[in-house]
1. Can you say whether A:Leu67 is in a helix (DSSP H, G or I), among the hydrophobic types (A, V, I, L, M, F, W, C) and more than 13 Å from ligand 2 (Cβ to nearest atom), as far as the supplied structure shows?
2. For residues that are β-branched (Val, Ile, Thr) and more than 24 Å from the chain's Cα centre (by Cα), scanning just the stretch A:51-105, find the one that is farthest from B:Glu162 (Cα to Cα).
3. Would you pick out the residues in the stretch A:143-202 that are more than 14 Å from every other protein chain (Cβ to nearest Cβ) and touching a Gly at 6+ places or on another chain (Cβ under 6 Å)?
4. In the stretch A:190-212, what count of residues is obtained for those that are away from ligand 2 (no atom under 16 Å from the Cβ) and either exposed (fewer than 14 other Cβ atoms within 10 Å of the Cβ) or assigned to a loop (DSSP other than H, G, I, E, B) (or both)?
5. Among the residues of the stretch A:142-189, how many are basic (Lys, Arg) and in a helix (DSSP H, G or I)?
6. When you check B:Pro22 against the structure, is it touching a Cys at 6+ places or on another chain (Cβ under 7 Å) and free of Cβ contacts under 8 Å to residues at least 40 places away in the same chain, yes or no?
7. Determine whether the stretch A:26-33 contains at least one residue that is more than 24 Å from the chain's Cα centre (by Cα), in the same structural domain as A:Gln212 (by TED's automatic domain parsing) and over 27 Å from B:Ala155 (Cβ atoms).
8. Take A:Lys47 and tell me if it is of a type in the set (Lys, Arg), within 14 Å of ligand 2 (Cβ to nearest atom) and away from every other protein chain (no Cβ under 14 Å).
Amino acid sequence: MAQPKPQTVFAPWTDPDAKPLIRFRNVTKRFGDFTAIDDLTLDIYEKEFFALLGPSGCGKTTMMRMLAGFESITEGTIELAGQDIAPVPPNKRAVNMMFQSYALFPHLSVWDNIAFGLRREGMEKDRMNTRVEEMLRLTRLERFAKRKPHQISGGQRQRVALARSLAKAPKLLLLDEPLGALDAKLRQDTQFELMDIQEKTGTTFVIVTHDQEEAMTVASRVAVMDEGRLMQVDTPAEIYEQPATTYVADFIGDVNLMKGNADPKEGFVLLDWAPNQPQIKAETSKNFAAGQELHYAIRPEKIAITAEKPAEAPNALQGKVLDIAYLGNISTYHVELPGGQIVKAQTANTRRLANRGFTWEDEVWLSWTATAGVLLES
Amino acid sequence: MRRFSWFNATSLTLGFAFLYMPMIILVIYSFNASKLVTVWGGFSTRWYGTLIRNEAFLDAAWVTLQVGVVSSTVATILGTMAAQVMVRAGRFPGRTLFSGMIYAPLVMPEVITGLSLLLLFIGIGLDRGIFTIILAHTTFSMCYVSVVVSSRLVAFDRALEEAALDLGCTHFEAFRLVTLPIIAPAVISGWLLAFTLSLDDLVIASFTAGPSATTLPMKIWSSVRLGVSPEINALSTLMIAVVTIGVVTASLLSKRASIRRQQEEREAFQVTP
Ligand SMILES: Nc1ncnc2c1ncn2[C@@H]1O[C@H](COP(=O)(O)OP(=O)(O)OP(=O)(O)O)[C@@H](O)[C@H]1O
Ligand SMILES: [Mg+2]
């Protein structure tokens, strides 16, 4: 689905000749008999902004710690720029990590925390001062330079940790939930700042986040993980529009899932999903067997909600408004179909609240095109 | 909340009397002009004079100081290293045995420790003197240091060391630049504890000292067996004075440090224009 515009589109993963910066080859990590990372194979390319997404405890931090050198690899190999990193100690790796717990040095001021890595490098004083000031400006910490970590707020600490890991301008930067404690505005600014840094320095970022929107905004590719395994690795748009499994569809964003049996036709599939309901028509290039059990996944914003039955919609269902969630810019309508199934439909609130079209208990029509949803094997 | 009550006042007085009465009596009698310890013969400082001219006591004091400083310093270094290994190294074969062995001298009767050290020194043909006392004191105070330091290390966030490694430190640099400054208070109290234990010790020193070196507690003990002399009272009063000055200085220093820190914090909080 990637548009072939080789000059402008950054997509080294589609190029079979591109050399990945990081190569996970069948990597397994066990703690005792608990498997934290399970046979993981993955390539990350230079200058990528790679986001790791997944529920708590799925192994995101463990993956990063293996890259940084704090966790040994039980099986398999990790290569960094073509070299096996297993024998390289953490202080010799061109990798910096921002810790989930920040790990700021409590006995050093904010300034000295940021300068710590530069001092170790033996950077000369003038250049170091300039660099630290630059980092302070970037993270808006100029006023707090003299304070100790226990004298600043949680969000400020997070920015110090970020500044400290950025200061050395490493080849690979690992950010473990770097923006979790920031307010929405500052978070957005920092996200753009990170992307800007990345464009300027060409650093490769691997970022862990619990915030899907963040992953969508900043990432060149997103990996969705579950229980130590990769569920899908793809661009944000692909992950969102073409999830590979119901798990990914459900984990990223809001989705309506309908289970049914396939009735394959030429170029599309009709899905029997509930008795006394019209079949769902879905265009697909995949081949399914007749009667095969499938899930149909469709995003709420792809569903239009109208008072009258639309004239020419491939899919149209009637239902009753059960609930309305007003989210400011958008509203989500929970519509109950006659069989009891609840479908979510989203519309942008282009008008003021008072002019809104529907209210509770209204009979409405839901409609969508044949290409709006995807069919997933169970 | 702070109301006066006779019960509180009485228990306070009794408690303090119990603690300090013996010492006060000792201090008072050190200024006794009479040679008889129990008979008050007027105020005098003559025993301090004779004490200063008493070579044997001065030698013993010098030995005690040397033993204390050297043994507590070595014990602090070794004890900190042992603590670091036990808290950080994770599981390795013999870990339980090792940690058990470090703590063993803590519960071992001093007589046994002293005796076994004596046998060892005789066995390897080491001449007993100040060196053997230092070795013995290092041995038994090291485990106290390691207990104090490891309790601090357990609470220490491992990620700090990892962050230091991540930013380019070797393991030793990470320890020197990050771990040590943070656990410094525990290391210093470990040193003070070891020093106090060394000053205190009579039993182990008696086993391991030779004719060439006698510590102050040994000297006092042996002279008291011939009868308490006013000179001993004077010496003990001096020791009390030294300890008091030490404690007061330490608390003043720490108070000044905390005031300075508060001031720094205030400055840091001022918004720079
Ligand atoms: N040192 C360890 N010993 C044993 N188990 C561990 C260790 N470190 C991590 N684990 C386990 O490995 C799994 C993955 O942990 P990890 O820290 O990578 O999760 P995570 O994806 O970063 O979660 P979160 O989003 O909550 O930070 C967890 O189930 C955790 O309990
Ligand atoms: Mg984590």
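The values are calculated or read from the model by the stated rules, or taken from the named source; none is laboratory data. Because the structure is a prediction, the values reported are computed rather than measured. No Cβ is skipped: glycine too gets one built from the backbone with ideal geometry, and neighbour counts run over all protein chains shown.
1. Considered against the rule, which asks whether it is in a helix (DSSP H, G or I), among the hydrophobic types (A, V, I, L, M, F, W, C) and more than 13 Å from ligand 2 (Cβ to nearest atom), A:Leu67 comes out as yes.
2. A:Thr77
3. If the condition is that a residue be more than 14 Å from every other protein chain (Cβ to nearest Cβ) and touching a Gly at 6+ places or on another chain (Cβ under 6 Å), then A:Ala181, A:Leu182 are the ones that fit.
4. Qualifying residue count for the region: 6.
5. 6
6. no
7. yes
8. No; evaluated as a whole, the condition is false for this residue.
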